[in-house]
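This report refers to the structure that appears directly beneath it.
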Amino acid sequence: MHEHDVIVVGAGGAGLRAAIAAQEEGADVAIVSKLHPVRSHTGAAEGGINAALREGDSWEKHAYDTMKGSDYLGDAPAIETLCKDSPEEVIQLEHWGLAFSRDEDGRMSQRPFGGMSFPRTTYAGAETGHQLLHTMYEQLVKRGIQVYDEWYVTRLAVSDEEDPTDRECHGVVAYDIKSGGLDAFRARDGVILATGGPGQVFDHTTNAVANTGDGPAMAYRAGVPLEDMEFIQFHPTTLPSTGVLITEGVRGEGGILYNENGERFMFEYGYANNDGELASRDVVSRAELTEVNAGRGIEDEYVHLDMRHLGEERIIDRLENIVHLAEDFEGVDPLEQPMPVKPGQHYAMGGIETDENGETCISGLYAAGECACASVHGSNRLGGNALPELTVFGKRAGQHAAGGDLGTAKIETGKRGDWETGEVDTPVEPGDVSAPGEDVVADGSGGTTTSSGGSLSPEKYVQRALDTERERVESLLEKDEGRQHAEIRADVQKSMTRNVNVFREEAGLKQALRDIRDAREKYQDVYVADKSSTFNTDLIQTIETRNVLDLAEAITLGALARDEFRGAHWRKENQERRDEVWLKHTMLSWEDGRPDLWYRPVVLEGENKTYEPKVRSY
Amino acid sequence: MSTQVPEQTEEESSADTESQSQSAAQQARMEKKRDRAAQRDQQREAEEAEREFSEDGTYLLKVFRYDPEIAGKQEPRFDEFHVPYHTGMTVLDALMYARDEYDSSLTFRHSCRQAVCGSDALFVNGRQRLGCKTQLSDLEEPVRIEPLPHQEVVKDLVVDMEHFYDQMHAVEPYFQTNDLPEGEQLQSRENREKIKMSTRCIWCGACMSSCNIAAGDNKYLGPAAINKAYRFTMDEREGEDMKEHRMKIMEQEHGVWRCQTQFSCTEVCPKDIPLTEHIQELKREAVKNNLKFW
Ligand SMILES: Cc1cc2nc3c(=O)[nH]c(=O)nc-3n(C[C@H](O)[C@H](O)[C@H](O)COP(=O)(O)OP(=O)(O)OC[C@H]3O[C@@H](n4cnc5c(N)ncnc54)[C@H](O)[C@@H]3O)c2cc1C
Ligand code: SF4
Ligand code: FES
């Protein structure tokens, strides 16, 4: 058994920042990550980091923009923390050597971004995330922080009191991918989840293959609520074969979208008569899918984004990296041909419920980054607001876990304070397919042990979690036949892309729940064909697939319950925002193998003012 | 000779050890898949006619296989996979298809699928390339996929990266300066431009694997680590003291002077970093420095 004060799960921007902060606070900290840190998907971020650094700008303005962008579903204490701390964090990154782009006078450059009232998006060319990830990893090396890389965390070691808010987290169990052994990691002071986005729930995404939502799924099953899971951002211009993102900049420079008939559909079919191609991400995504559904898509799949008329000189000058992306990943030369594009899953606004210190309702368990929901993005994230979330909340979680005093959080977690029960009419029973309490070793939900009612020592809980995982891995490897995870995962991904995309209607959402249920049943027979204990990615992906199923279900349940149009979530039956009913967070708790739906009101009271919901129009 | 498997260094990866290892079931499934793919492809035939690929619309991959503990895989071999082609398909897409449809034990690292995570540097048709950044249509068939040469093979296409990481860590790969201002440090555009390419490294290891010197001298820092050092040495924000300190590291026995300017690293770098140029520039800097102290 390994032992540290603080264990950070994940080594993207959020995990690295958390580890550095915990160490600065005096803790013995270690990172456990399924990828080597520099392989994390933070490296893919291009656009930049929002921070109110300059004269004429202020954190209050940034907060106002963010609240408006969230369509009034962000919590003011979290948003204000983000906007207040971001400038200091950006300066910190600069002091760590991050090679930001520079103005003539040598100061860091900032650029305008959608939804921002001031050009405050600080950037390093078109590779801000890459620079940020590597700069922070360098600091990790400098400090000699221990990294267990290519270790896959499969379970949290949490005590078993009846009420989740009484539980405590004592560590994690992880699988050493290279050599195939399971081991326990005891965390004396805290565990911080920083596992990134859940893009693999969909079959077409800008996220990495490793973004399978492991953190939220593990926290959920340990008793932490998942918050606002239905809010998924889709990006309108991704390459069809890989999901690689083509920046808004192409449309900003004058790129035009065409359907199969060569019609400029944004105008010709009246999707956005004023803004055309520059309408917001969700509007353009819906327009594209409408075209495809109406039979006007190319190969029934995508539309064309054409920038040839801009001329080679301008394209090379301003959008050179797009030329490479299209060539390398789609085999298309955009100087000669239009680029095929379609909407792709891009970002999850929801996640593990935390307060503004990164803490969940289970003491000693924290979450930060895209896997967490504090919530700063509410129902829609503005571009450039995710990277500051990594540094600001990564740092706070690290400090708090290591015993730093950040004051009492204003945001409540778990079923405490103000909350109400919810109800949703599902066509099939969601949750575990076996009866509650039944021994379901293979899918990681049960175990042979009975509850101790919170009476064991921390070491015993960690040991027990390890034993459970041993049983699970053994049972997966023991079976010689059954179904393979790839088929199950692909079915669910397809159903999610078809039914839980930018168009959401009751019938489709119910179909997705049926498909997920079906997949859960198939997963009962899952087996791992590769019996090797060396680098067994078959085993890892099989365990990930279980997590994908839980998250797919949570996203769909939230989407079915929320019958309104807010931010990124659109419902055919109710195409407007309904503040009278829906100014509240969707919460899902895993109780005895069943998702329990409830709601918590949004916190609109900020430090100096209360935010008044206004119509979101730009 | 391209790949090293622990213990059995020499004779293993000769091309003729290919075996028809797929089971009958896999064959049958492949047939079915191929039929379906062929059907799909018929519809697109018109447009794709001028594209060069085998008649049934599939690509033939020959993939290196090795597992130290699975009987039948301990002896390295090549497996063949017929993968249905679609426009835009990359080497990584093809490998994922082969794994998900034919053989779930086929093992390789990958994550971002967009040339930023550096996980999937492979030896494809005799050259170091990123699987995700290589279009099948740019390659001759059959497509031969092997793990990076000069590194120990862990399993199939996965190599041990520890040595590469050790070298990267050996050059004090972090920003250091003796005087930090309160607010942001200033940096000129020219200076930022100067270090820009060097900051693009994604730690894929392709350069190191292509380097003859690194293959012969295990202690040689290698192109990626020297490039990392270049990135800081040339950053004006660190100041002159730091620069001197960094040059000392570069001038050590296994530093810049080992490079024999063969350009192989520069040729394979998927991020187009002018590695050889950077190494040469550090050599010149070293000469300048030494003259100063004499
Ligand atoms: C293409 C793209 C462009 C973007 N552009 C921008 C932008 O311009 N500005 C902006 O603000 N945001 C942007 N975003 C969003 C932002 O980049 C992400 O939200 C953010 O980087 C996520 O960081 P993270 O640290 O939470 O997770 P990640 O960087 O994804 O890291 C997750 C880590 O968790 C580890 N992990 C996961 N599961 C396990 C497990 N079970 N066991 C052990 N380890 C595990 C992984 O190994 C990895 O190290 C973009 C996103 C994408 C996809
Ligand atoms: S320098 Fe280029 S080839 Fe070498 S590790 Fe970096 S990105 Fe890869
Ligand atoms: S998969 Fe990330 S670099 Fe190829």
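The values are calculated or read from the model by the stated rules, or taken from the named source; none is laboratory data. In this text the structure is predicted, and so the values were computed from the model without any measurement. In this analysis, Cβ positions are derived from the backbone assuming ideal geometry, glycine residues included, and neighbour counts consider all displayed protein chains. Side chains included, ligands, DNA and RNA excluded: accessible areas come from the protein's heavy atoms. Shrake-Rupley method; radii C 1.70, N 1.55, O 1.52, S 1.80 Å.
Values as computed for the structure displayed
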| quantity | calculated |
| --- | --- |
| Extreme residue, positive dipole direction of chain A, given options A:ALA210, A:THR354, A:GLN23 (C-beta unit charges) | A:GLN23 |
| Cα gyration tensor shape of the protein assembly as shown, rounded if a/c is under 1.5, else prolate or oblate by comparing a/b with b/c | rounded |
| Unit charges at the beta carbon, dipole of the protein assembly as shown: most positive-side option, B:GLN185, A:GLY378, A:HIS585 | B:GLN185 |
| Principal axis box of region B:58-159, alpha-carbon based, largest edge first, Å | 37, 27, 23 |
| Virtual spin-label span in nm between B:ASP272 and A:GLU301, 7 Å along Cα→Cβ | 2.7 nm |
| Total formal charge among the other residues, if their Cβ is under 10 angstrom from that of A:GLY403, Lys/Arg +1 and Asp/Glu -1 | -4 |
| Farthest positive-ward along the protein assembly as shown dipole, Cα basis, beta-carbon charges - from B:PHE64, A:ALA126, A:SER532 | A:ALA126 |
| Folded to 0 to 90 degrees: helix A:485-499 orientation relative to chain A principal axis, Cα | 40 degrees |
| Theoretical gain in end-to-end length, B:ASN290 to B:SER137 [0.36 nm per residue, Cα-Cα removed] | 50.0 nm |
| Label-point separation in nm, A:ALA507 to A:SER58, each point 7 Å along Cα→Cβ | 5.2 nm |
| Accessible area per residue in Å² at 1.4 Å probe, computed on chain A | 32 Å² |
| Degrees between helix A:59-69 axis and first principal axis of chain A (Cα, 0 to 90, nearest 10) | 90 degrees |
| Residue-by-residue Karplus 3J(HN,Hα) for region A:220-235, coefficients 6.51, -1.76, 1.60, Hz, glycine and proline x | 4, 6, 8, x, 7, x, 9, 10, 6, 5, 5, 8, 10, 8, 9, 9 |
| Cα gyration tensor category, rounded, prolate or oblate, for region A:233-345 with a/c compared to 1.5 | prolate |
| Share, in percent, of DSSP beta bridges within the protein assembly as shown that are antiparallel, nearest 5 | 70 percent |
| Aspartates and glutamates whose Cα lies under 15 Å from that of A:LYS61, excluding same-chain neighbours fewer than 8 positions away | A:GLU80, A:ASP85, A:GLU607, A:GLU612 |
| Accessible area expressed per residue, region B:69-211, with surrounding protein chains retained (probe 1.4 Å, Å²) | 32 Å² |
| Square roots of five times the Cα gyration tensor eigenvalues for region A:567-618, Å | 25, 19, 8 |
| Local net charge near B:TYR230, Cβ-Cβ under 13 Å (Lys/Arg +1, Asp/Glu -1) | +3 |
| Neighbourhood net charge (10 Å Cβ-Cβ; Lys/Arg +1, Asp/Glu -1) for A:GLY431 | -4 |
| Label-point separation in nm, A:ASN321 to A:ARG111, each point 7 Å along Cα→Cβ | 0.8 nm |
| Zone residues, region B:235-256, relative to B:LYS196, backbone N less than 19 Å from point 7 Å out along Cα-to-Cβ | B:235-237 |
| Global form of region A:443-601, assessed from the alpha-carbon gyration tensor, a/c cut-off 1.5 | oblate |
| Straight-distance crosslink candidates among lysines, where the alpha carbon sits under 26 Å from A:LYS68 and sequence neighbours closer than 8 are dropped | A:LYS84, A:LYS395, A:LYS410, A:LYS572, A:LYS584, A:LYS609, A:LYS614 |
| Dipole in debye (nearest 20) - region A:496-584, about Cα centre, beta carbon charges: Lys, Arg +1; Asp, Glu -1 | 140 debye |
| Given charges at beta-carbon only (K, R positive; D, E negative), |dipole| of region A:76-177 in Debye | 580 debye |
| Partners for B:LYS62 among lysines (Cα-Cα distance below 30 Å; same-chain residues under 8 apart left out) | A:LYS34, A:LYS178, A:LYS479, A:LYS494, A:LYS531, B:LYS32, B:LYS33, B:LYS73, B:LYS133, B:LYS155, B:LYS271 |
| Exposure rank, largest accessible area first [B:ASP67, B:ASP272, B:ASP93, A:ASP525; 1.4 Å] | B:ASP272, A:ASP525, B:ASP93, B:ASP67 |
| Chain A, accessible surface, carbon-and-sulfur percent (1.4 angstrom probe) | 43 percent |
| Area hidden from solvent between A and B (accessible, protein heavy atoms only, 1.4 Å, total, Å²) | 5200 Å² |
| Region A:443-601, dipole about Cα centre (Lys/Arg Cβ +1, Asp/Glu Cβ -1), debye to the nearest 20 | 540 debye |
| Occluded residues from region B:66-96, i.e. those whose accessible area drops by 50 Å² or more once the chain is not alone (1.4 Å probe) | B:GLU69 |
| Listing of region A:512-537 residues, each with accessible area lower by at least 30 Å² in the full protein assembly than in the chain alone (probe 1.4 Å) | A:ASP530, A:SER532, A:THR534, A:PHE535, A:THR537 |
| Degrees, to the nearest 10: A:13-24 long Cα axis against longest axis of chain A | 50 degrees |
